[in-house]
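Working notes, structure below.
Values in this text are rule-based calculations from the coordinates and carry no lab data. Quick caveat, the model's predicted, so the values are computed rather than measured. All Cβ positions, glycine included, derive from the backbone under ideal geometry; neighbour counts span all protein chains shown.
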Amino acid sequence: MKRSISVLKNIRKSTKRRIVNRNRKKKLKEALKKIKKVRTKKSAMKAYPGVQAIIDKSVQDGIISKNTAARHKAQLMKHISTLK
């Protein structure tokens, strides 16, 4: 069966979007892991704004939902507050 031009274009678009979204999600996960490995409160508080910006950008781009972002931020702050 022959595919129309618009179907082929949508396949190309969805492929590109899937790759971009996967890379953004990977960047978010790496940032979360990186801040959880930090052992001092001072360095964690220094790194937190950058991670928070990545989380907010992920919500803006539709990678994660608002509630998921809020949960990640709350868990990070809880983790940071336990550090010395």
Of the conditions (1) surrounded by 10 or more Cβ atoms within 10 Å (Cβ to Cβ); (2) touching a residue at least 40 places away in the same chain (Cβ under 8 Å), LYS84 fails just one. Which one is it?
(1)
Within segment 75-84, the count of residues that are part of a helix (DSSP H, G or I) and either of a type in the set (Lys, Arg) or under 30 Å from ILE19 (Cβ atoms) (or both) comes to 3
Can you list residue pairs whose Cβ atoms sit under 7 Å apart, with the first residue in segment 7-29 being assigned to a helix (DSSP H, G or I) and the second being not β-branched (Val, Ile, Thr)? Count only pairs 6 or more apart in sequence or on different chains.
ARG24/SER58; ARG24/ASP61; LEU28/SER58
Conditions (1) within 22 Å of THR82 (Cβ to Cβ); (2) in contact (Cβ under 8 Å) with a residue 40 or more places away in the chain; number of the one not met by LYS34
(2)
Please go through segment 37-70 and pick out each residue that is farther than 14 Å from LEU83 by Cα and either touching a strand residue (DSSP E or B) at 6+ places or on another chain (Cβ under 8 Å) or not in a helix (DSSP H, G or I) (or both).
GLY62, ILE63, ILE64, SER65
Quick one: which of SER4, SER14 is loosely packed, with under 10 Cβ neighbours inside 10 Å and over 18 Å from SER65 (Cα atoms)?
SER4
Taking the residues in segment 27-42 that are over 12 Å from the mean Cα position of the chain (by Cα) and either exposed (fewer than 13 other Cβ atoms within 10 Å of the Cβ) or among the aromatic types (Phe, Trp, Tyr) (or both) as candidates, determine which candidate is nearest to ARG17 (Cα to Cα).
LYS34
Find all pairs meeting these conditions: Cβ atoms under 7 angstrom apart; at least six residues apart or on different chains; first residue within segment 45-67 and over 24 Å from ILE19 (Cβ atoms); second residue of a type in the set (D, E, K, R).
GLN52/LYS73
